[in-house]
Amino acid sequence: MGSMDREHELLALAVSIAREAATLAQAMRAAGVDPVATKSTLTDVVTAADRAVERQVREAIRAARPGDTVLGEEFGTESEAGQGVRWILDPIDGTVNYLYDLPQYAVSLAAEVDGTVVAGVVINAATGKEWTAVLGGGAFTGGRRLSGSVQTDLRQALVGTGFGYAAERRLHQAAVLGGLIGEIRDVRRFGAAAIDLCLAAEGSLDAYYEKGLNAWDHAAGGLVASEAGLLVTGLSGAAAGPDMVVAAPPALYKGLHDRLVELGADKGP
Ligand code: IPD
């Protein structure tokens, strides 16, 4: 089997598992949602649905591909990135939106082979909207190939971002945004990083950046954005990761990247 066949096969499996997961998330939302625990801070909640969706996805992956490993937001890792296929899962990205019944929460599922993300799907579970990508094969939504924003002027760019859960980090992020907001069109904070990256891939956001994301927040959406032609990186030569994920079309990338460096966006708590 050619590697492209394998990547499309992994994507097809990811899509079918993520659709079932999105159905479960939406059904549990309709039945009513309460936080069941907090994680890093009092506002970093986990719901029964986050756990139920992650359990269901893990079982489906185990049934279809028993040798693979899974890194998930709620139950952690069975292995480090390494040999073979590792699935990277956020059962519900945008948990706070989910809690408040705001229609921006997503199942995000990516397949990584030997440390490289090769296939990914993000489904907004509230609306059913789906974004997919395979490495080298482009990014799509509803059969339409994505190519990012055509905006070339950072001063006219609508930029998505997000905030972490810890107060000190949020204050740092707000200070960075304070330095940027006078130099762009405006900012959007929708509350689900995976969806933000897909909106940037569509050009519904001109660009996106955020400090503090975990692999499950950006693995699938980051591939969708890069396959749409965006540059998806950290700052100053670093790969996208916990210190920074910036996703922007080439024409906006340098201006945004350099300003984020000046503002120390990847520094601080
Ligand atoms: C969060 C969302 C949010 C982002 C946070 C993430 P979660 O993920 O993606 O938009 O600003 O950094 O932690 O906790 O809802 O899975």
* To do: Quickly run through segment 88-104 and pick out the residues that are more than 7 Å from the ligand (Cβ to nearest atom) and over 15 Å from R19 (Cβ atoms).
  => I88, N97, Y98, L99, Y100, D101, L102, P103, Q104
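Per-residue answers, yes or no, for (1) closer than 19 Å to K254 by Cβ; (2) within 12 Å of the ligand (Cβ to nearest atom); (3) open to solvent by less than 40 Å² (accessible area, probe 1.4 Å); (4) assigned by TED's automatic domain parsing to the domain that holds A119:
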residue: R169; (1), (2), (3), (4): no, yes, no, no
residue: Q173; (1), (2), (3), (4): no, yes, yes, no
residue: H218; (1), (2), (3), (4): no, yes, yes, no
residue: L223; (1), (2), (3), (4): no, no, yes, no
* Asked: Restricting the search to segment 89-145, which residues are open to solvent by 10 Å² or more (accessible area, probe 1.4 Å), aliphatic (A, V, I, L, M) and more than 13 Å from the chain's Cα centre (by Cα)?
  -> V96, L99, L102, V113, A126, L135
* Scan segment 69-89 and give yes if some residue there is assigned to a helix (DSSP H, G or I) and out of contact with any strand residue (DSSP E or B) (no Cβ under 6 Å at 6 or more places or on another chain), otherwise no. => no
* To do: For segment 198-210, state whether one or more residues are within 9 Å of the ligand (Cβ to nearest atom) and open to solvent by less than 10 Å² (accessible area, probe 1.4 Å).
  => no
* **Exclusive hit being within 13 Å of the ligand (Cβ to nearest atom) and surrounded by 21 or more Cβ atoms within 10 Å (Cβ to Cβ), set G191, G162** => G162
* To do: Specify the residue that is modelled with the lowest pLDDT; the eligible residues are those in segment 13-61 that are exposed (fewer than 13 other Cβ atoms within 10 Å of the Cβ) and either assigned to a helix (DSSP H, G or I) or on the phi > 0 side of the Ramachandran plot (or both).
  => G32
* Structure fact -> By residue number, the members of segment 256-268 that are open to solvent by 40 Å² or more (accessible area, probe 1.4 Å) and at pLDDT 95 or above are D258, R259, V261, E262, L263, K267
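The values are calculated or read from the model by the stated rules, or taken from the named source; none is laboratory data. Nothing here was measured: the structure is a model prediction, and the numbers come from that model. Note that we place each Cβ from the backbone using ideal geometry, even for glycine, and neighbour counts take in every protein chain shown. Heavy atoms of the whole protein, side chains included, go into the accessibility calculation; ligands, DNA and RNA do not. Shrake-Rupley method; radii C 1.70, N 1.55, O 1.52, S 1.80 Å.
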